[in-house]
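Following: one structure in structure tokens, then a few remarks.
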Amino acid sequence: MPINIFNLLDPDKRAKELHSKIKHTHTQSKTTTAVLNTEEGKVLVGSSEKSLRKEIREALEKHEIEAFGEGHAEETVIQNAIGLGLTGTEIGASRPICLDCEYIINENNIIAKTEFSGKPSQKRKK
Ligand SMILES: [Zn+2]
């Protein structure tokens, strides 16, 4: 199947949809979910936590892969894609993307479907 035929969802919509599955509202407000589409048709889904919450993991489809690791959700999905030899195309997140992640996204020639906050992350300043 030619590469361009993959019909991937808008990663911004998908990130928000998956993030809304988190049952605990406090957790929902404190964490971020990011979704990265790739040229290969696989989709990386990651959290600002080290791994996905069960509710999200259970909602993943066959072509969606859980990303693991430290750092922001956006960073985690990009790093995991690189590790798997996949080429990221479009990224989305459940909240506006911070300055640090904006830099990483641009550096990897990925298109952001979620707005940038234009600000450094609060968490990073601690
Ligand atoms: Zn960030």
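Note on region 32-63: residues that are crowded, with 19+ Cβ neighbours inside 10 Å, within 14 Å of the ligand (Cβ to nearest atom) and assigned to a loop (DSSP other than H, G, I, E, B) amount to 2. The residue pairs whose first member lies in region 78-103 and is under 23 Å from Lys119 (Cβ atoms), whose second member is assigned to a helix (DSSP H, G or I) and modelled with pLDDT under 95, and whose beta carbons are closer than 7 Å, counting only pairs six or more residues apart or on different chains, are Asp100/Arg124.
Taking the criterion of being away from the ligand (no atom under 11 Å from the Cβ), under 23 Å from Thr27 (Cβ atoms) and in a loop (DSSP other than H, G, I, E, B), the residues of region 64-113 that qualify are Ala67, Phe68, Gly69, Glu70, Ser94.
Checked against (1) loosely packed, with under 15 Cβ neighbours inside 10 Å; (2) within 26 Å of Asn7 (Cα to Cα), Thr25 passes all but a single condition, namely (2).
Tell me the residue from Ile3, Ile82 that is modelled with pLDDT under 95 and not charged (D, E, K, R), please. Selected residue: Ile3, the only one of Ile3, Ile82 that is modelled with pLDDT under 95 and not charged (D, E, K, R).
The values are calculated or read from the model by the stated rules, or taken from the named source; none is laboratory data. Computed from a prediction, not measured in an experiment: that's the story for all the values here. Note that we place each Cβ from the backbone using ideal geometry, even for glycine, and neighbour counts take in every protein chain shown.
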